[in-house]
Amino acid sequence: MDALMTANFWIAVGQIILIDILLGGDNAVVIALACRNLPPKQRTQGIIYGTAGAIVLRVILIAFALALLAIPYLKLIGAILLIWIGVKLMQPENEGDHNITPSDKLWGAVRTVIIADLVMSVDNVLAIAGAAQGAGEHQLALVIFGLLVSIPIIVWGSTFVLKLMERFPIIILLGAMLLGWIAGQMAYTDPGLKPYLPVGKLWEYAAAAGGAAFVFAVGKFLQSRSGSKASQ
């Protein structure tokens, strides 16, 4: 119980909630698209059941991810994927990315939500598993708590959050850099790399800061490149 009162625990909770808000926008769009043909009375049920099923599957996936991250060099692979996700998050979205067929049956819509969320959840699972690394033995409890807190934000507050991001783009930038920070920590704590790296919290923070700076630099470079192409 004492571990729940540590700063590391609550920092990790904050990271998980922020990750879910940033990476959950697509999931909220999928839920809306999958349930849009349902009768009004069933629409809320479809959203709630679909989200609940998706969250249960995500917890199971993250539990596996937490166990797999103990295998040498898997954290390094996860870190590279997280950096790619962070850079991608900084780039403008293309319209028409959500090819979701809506259903007029409740359980058909629920099934669509769960399957689509499962396919789209690789980024969330990796990022959340990485953020939970600092919670020690309470990793899975932290993951479940963070997901439960973020559910109402994603489902009912997604429109507000998306508008907030449009108005304050720095939120997306900070979120992308957070993924880079987590990636740096993951790479530094990889069991396969540990024997070759200097030991100490300062070095871990340096690796995390390096990951954040790398995402920022590459993301900004690609932004400027796509901007110059668009102006031609």
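The values are calculated or read from the model by the stated rules, or taken from the named source; none is laboratory data. Owing to the predicted nature of the structure, the values given are computational and were not obtained by experimental measurement. Please note: Cβ atoms are built from the backbone with ideal geometry, for glycine as well, and neighbour counts cover all protein chains shown. With ligands, DNA and RNA removed, areas are computed over all heavy atoms of the protein, side chains included. Shrake-Rupley method; radii C 1.70, N 1.55, O 1.52, S 1.80 Å.
Inter-label distance, Ile170 to Val56: 4.2 nm, where each label sits 7 Å from its Cα along the C-beta direction. Near Leu193, the amide H atoms lying under 5 Å from its own belong to Tyr73; only residues 5 or more places off or on other chains count, and H is placed 1.01 Å from N. Here the Karplus curve 6.51 cos²θ - 1.76 cosθ + 1.60, taken at θ = phi - 60°, turns the phi angles of region 37-49 into couplings of 8, 6, x, x, 5, 8, 4, 5, 4, x, 5, 5, 5 Hz, with x standing for Gly and Pro. Solvent-accessible surface of region 179-228, averaged per residue with a 1.4 angstrom probe and all protein chains in place: 55 square angstrom.
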